[in-house]
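Written below as structure tokens is the structure these notes are about.
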Amino acid sequence: MGRIYIVGAGALGLMYGLRLASAGVLVTLVTRTSAQAELLRAQGGRLEQQGQWRHMPVSAYSIDELAELDKHDLPLREDWVWYTVKQPQMTRELLAQTDKLVASKPSILCLQNGIGHLELFEALYPELHVYAGVTTEGAMRTSLTEVRHTGEGSLVFGAIESEREPDPEGDEAQKMLLHLLRMAGIAASLSNEMRNRIYEKLLINAVINPLTAIFGVSNGELPAHPHRRKMMRALHQESERLLRQAGLAPLPEAWERLLAVCEATAANESSMLRDVRAGRGTEIDWINGGISALAKRMGHAAPLNDAVTAMVKALH
């Protein structure tokens, strides 16, 4: 059974890591700080699901400790390395720091919001199997070692290339990961339309994330005011038009789907709102900024995406 290394032990990385570890999967968390790695090694991690807390031991190293690891502690070709850090941390510097993890050419799974990260990875490591993932799971980290699973969802993953050569080894690796995920009770599936999946999620994030951050409201409160709802509709129409031109397949009832997400996650605060309130950098450059960059490459304007990008940056 292959091992899974997860770079980034924030809410999403810690939640997936502990769920997989609870099913007997060999998981190693790679943390940003030594303090978090030391606590996880000493105390293990705690996961809350449906009001029940579970404790489990887990292997953990900080990024700085990777250089000291023995080869037996590093991924093999049949293993997986996940990147669950947020977009601002998904940099050339991070990939250089984690270069040792990919030396044996394991399979890579990227779970970032927005766009741009896959191109960066593939430019630096064209020989690796790099897969995209889109998740609708909800998670909230409550301490360095504790995380709450706040919303049931799914994980869809697959190769990003629309037309690729037959790849039996890569196909086998994906099937193995799918088996491990389902073994851990995670609703997972494979897709050969990952770019479309990424654009679908981007269309929702491009409305909810910036506007909840700007207005300081929860997901459910966002459409409740008629003027906010009008802004939502205008930003959604511009974003959908541009993403369709970039290759997004037609989405029946896309506006209704957006409103349904707001209703289903009504009590949630978007990650962008939480980042703004905590004084952290946001993913705006890869969400609305990513749509603006796409528009520019196609020779089109994106005035509303430009505007909300500037407004969120003004909140940093």
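What follows draws every value from the coordinates through simple rules; no lab data is involved. This one's a predicted model, so the numbers in the text were calculated from it and none came from an experiment. When we count neighbours, we look across all protein chains shown, and the Cβ atoms used for this are built from the backbone with ideal geometry, even at glycine.
Full extension of the chain between GLU127 and HIS225 gives 30.3 nm of extra length, using 0.36 nm per residue less the Cα-Cα distance. Think of each Lys and Arg Cβ as +1 and each Asp and Glu Cβ as -1; about the Cα centre, that makes the dipole of region 41-166 roughly 440 debye.
Direction-averaged projected area, Cα convex hull, region 195-315: 6.8 nm², rounded to one decimal.
Across q = 0.13 Å⁻¹, the chain modelled as identical point scatterers on its alpha-carbon atoms has Debye log10 I(q)/I(0) values of -0.97, in the order of the q list.
Farthest towards the positive end of the charge dipole of the chain, among the residues LEU315, ALA132, ILE291, is the Cα of LEU315, using unit charges on the Cβ of Lys, Arg, Asp and Glu. Temperature 10 °C, viscosity 1.306 mPa s: under these conditions the Stokes-Einstein estimate for region 44-140, based on its Kirkwood radius over C-alpha pairs, is 105 µm² per second. A Förster distance of 22 Å, applied to the separation of the beta-carbon atoms of ALA35 and LEU69, puts the FRET efficiency at 0.75. If the chain linking ALA23 and GLU193 were pulled fully straight, counting 0.36 nm for each residue of separation and taking away their Cα-Cα distance, it would gain 58.3 nm.
For the chain, the membrane-span-like helix rule (DSSP H, alpha carbon extent of at least 24 Å along the helix axis, mean Kyte-Doolittle at least 0.0) picks out 194-215; this says nothing about an actual membrane. Take the Cα radius of gyration of region 4-192 and divide it by 2.2 N^0.38 Å, N being the number of residues; the result is 0.97.
The spacing between region 191-214 and region 84-125, judged by their C-alpha centroids, is 20 Å. Close Lys pairs in the chain (alpha-carbon distance under 21 Å; sequence gap of 8 or more, or different chains): 9. Modelled label positions at ARG297 and TRP53, each set 7 Å beyond Cα in the direction of Cβ, lie 4.6 nm from each other.
Every Cα-Cα pair of region 107-180 was included, and the share exceeding 17 Å stands at 55 percent.
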